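Written below as structure tokens is the structure these notes are about.
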Amino acid sequence: MTGITGKTTLHDALKANPAAASLFDSYGMGCKSCSAGKTETLEWGAIMHGVEVSELLEKLNAQAKTRKKKQA
């Protein structure tokens, strides 16, 4: 994955970065246990939970970038 976008599914975001679960939780998004997460996009999930899409994506990508640096 070259980056997390609004079209990325919740499941794929969690698969790429399991730590994203804590970020979802901080926004009240119970995505890690929701069956809709396999097909629901981050954009739609954010909208449905009243979360600013661009803010969520910025934090998810920053978190993923930090995770990759730690693994290197």
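Just so you know, all these numbers are worked out from the coordinates, no wet-lab data involved. The model shown is predicted, which means the values in this text are computed figures rather than measured ones. Using ideal geometry, Cβ is built from the backbone for each residue, glycine included, and neighbour counts are taken over all protein chains shown.
With the condition kept exactly as written, say whether any residue in the stretch 3-20 is out of contact with any strand residue (DSSP E or B) (no Cβ under 6 Å at 6 or more places or on another chain), among the polar types (S, T, N, Q) and exposed (fewer than 12 other Cβ atoms within 10 Å of the Cβ). Taking every residue of the stretch 3-20 in turn, none turns out to be out of contact with any strand residue (DSSP E or B) (no Cβ under 6 Å at 6 or more places or on another chain), among the polar types (S, T, N, Q) and exposed (fewer than 12 other Cβ atoms within 10 Å of the Cβ).
Evaluate the following for Lys7: is it in a loop (DSSP other than H, G, I, E, B) and basic (Lys, Arg)?
For Lys7, the condition - in a loop (DSSP other than H, G, I, E, B) and basic (Lys, Arg) - is met.
Looking across the stretch 10-35, the residues that are part of a loop (DSSP other than H, G, I, E, B) and touching a residue at least 24 places away in the same chain (Cβ under 8 Å) come down to Asn17, Ala19, Tyr27, Cys34.
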